[in-house]
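Single-structure report; data block below.
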Amino acid sequence: MKKITTFADLNYILEPIFNRMIYKQLIYTQQTQKALRVFFCTVICLLLGIFQVSKAQTIVNSPLSYIGMGEMYTSETPSNSMMGGIGISNSNGIYSNQMNPALLARNRYTVLEAGINLELKNMQDYRQRQQVLGGNYQSFNLTLPMSNRWTMSFGIRPHSNVNYETISYRRLNVLGVDSLIYGYKGTGGVSKLTMSHGVRIAKELYVGIEAAYLFGSVSRQVSTQNLSDGQFYKIQLENATRYSDFSFKAGVAYRQLIKKDLFLNVGATLDLTNQLGATNLRRFATLDLTGMNVINADTLEKETKFKQNIPVSQRFGISLERPAYWMVGVDYSRTNWTSIENNLGRSTKLPTTSTVAFGAEYTPDFESISSFFKRTTYRIGYSYSSTPYDFAGNGRFAKDQFVSGGFAFPLRNFLNYVNVSYQFGRRGLLADNALEEQYQRVVIGLTLGDAWFQKIKLN
């Protein structure tokens, strides 16, 4: 039996020598296809309903989400999460690549992907330690091949989140009694609705564009309470921002055959939008100590339109691949934060950050029928990032690094998988940043593929 050399295009299915047992696993009966399409549509309706309620809710509390629109999410899917988040140059044609829209053109099958996050985080500063557990949906994407050169994809995912609450004390008298309390709180987030297109413009040369609609709201409050004069209320400045605008990202990818069954892949993406339209409302309020009842309120600034600066990233990737067997790759990205507001009243500009990530995958025998574990894909990765977070205000920005791994378990055929990813990492150091976070993330995803709109025949 002739070996399959690529996930993206199983052309050998037209050859009469192709094993009919594999053919039956790849091609459903007409009744099964109809049932699966009904299932797809049902899942889409249910998830969209859930997303309408949840929108961009945060995973867990993060004091470092005070910057700009909050803590930013990447565009990775569960399969990328296993490999340190790489995906700018690599795509096997079964999974939907949302990191580089150009690589969508390698998808020849309809793909529905969904993923959820679970995160356990331990945070500590010099005064206390806290453990939090939370979760959120990671992504939901539907990829549709429109022709043998053009593939489009629709998706929704969280784009950013804000969720922090900190309290600080100041002593106003020589007795050393804490008498002035400052409170800082932020909640909310932004969701991202995307439509992406990938086109093959020449042999193994791909270009793509992602158009996204960003929507959501963020609320921030700064409060003070003076205990020295028996003040049983607190004064709070409230800032509510609502986002609603479009953003764009471009991508390019190229694939070169080095020798038989061995390819070199390169890719790059560029964010094309550096500002988002938003409206802002500010008010000054006096509240009781519970913060639930407003004693008095005064609007300082009516709802005003403005442009919110957002970070702009350039990403590059290179990988070496033997299709359907193994792949190793590395991604590098630069993100410019210099025009972003830090929301802590500091005049210091934020830095330009960078990320280096490594990843690999291995499938022992993609064609195996007798062994489930030989058809399972195994992935590992590592990521190291500089960040714009200077919690202590000493000019030392936190570093973020994690190791990752996971499995893609095959279901009935070669196009359906259950993906399980695990990440263990640390962001910041207590000695350098006055705040340290250690986290464990589990990502669970489902990939469902089918040959929609294609007529496949045996010669």
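The table below lists the values:
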quantity	calculated
Candidates D365, D331, filtered to the one that is in contact with a Lys or Arg (Cβ under 7 Å, 6 or more places away or on another chain) and outside any strand (DSSP E or B)	D365
Test result for Q128, closer than 30 Å to N433 by Cβ, within 21 Å of the chain's Cα centre (by Cα) and among the polar types (S, T, N, Q)	no
Test for V190: is it part of a strand (DSSP E or B), closer than 24 Å to R441 by Cα and among the hydrophobic types (A, V, I, L, M, F, W, C)	yes
Only listed residue being loosely packed, with under 14 Cβ neighbours inside 10 Å and out of contact with any Phe, Trp or Tyr (no Cβ under 8 Å at 6 or more places or on another chain), chosen from K259, K234, K249	K259
Check on P323, over 17 Å from N80 (Cα atoms) and modelled with pLDDT of 90 or more	no
Selection within the range 354-371 - in contact with a strand residue (DSSP E or B) (Cβ under 8 Å, 6 or more places away or on another chain) and among the small types (G, A, S)	S354, A357, G359, A360
Residue among E367, E361 that alone is among the acidic types (D, E) and surrounded by fewer than 18 Cβ atoms within 10 Å (Cβ to Cβ)	E367
Filter pass, L415 being touching an Asp or Glu at 6+ places or on another chain (Cβ under 9 Å), part of a loop (DSSP other than H, G, I, E, B) and either farther than 26 Å from E165 by Cα or not hydrophobic (A, V, I, L, M, F, W, C) (or both)	yes
Unique match (being under 21 Å from R334 (Cα atoms) and not hydrophobic (A, V, I, L, M, F, W, C)) among R396, R375, R379, R412	R396
Per-region count, the range 70-84, residues among the charged types (D, E, K, R) and assigned to a strand (DSSP E or B)	1
Residue that is farthest from L104 (Cα to Cα) [pool: residues in the range 120-142 that are in contact (Cβ under 8 Å) with a residue 12 or more places away in the chain and not in a strand (DSSP E or B)]	Y126
Qualifying residue in the range 143-156 (condition: more than 30 Å from D288 (Cα to Cα), among the β-branched types (V, I, T), touching a residue at least 60 places away in the same chain (Cβ under 8 Å) and buried (at least 24 other Cβ atoms within 10 Å of the Cβ))	no
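The values are calculated or read from the model by the stated rules, or taken from the named source; none is laboratory data. Just so it is clear, the structure is predicted and the values come from calculations on it, not from any experiment. So basically every Cβ, Gly included, is an ideal-geometry build from the backbone, and we count neighbours across all protein chains shown.
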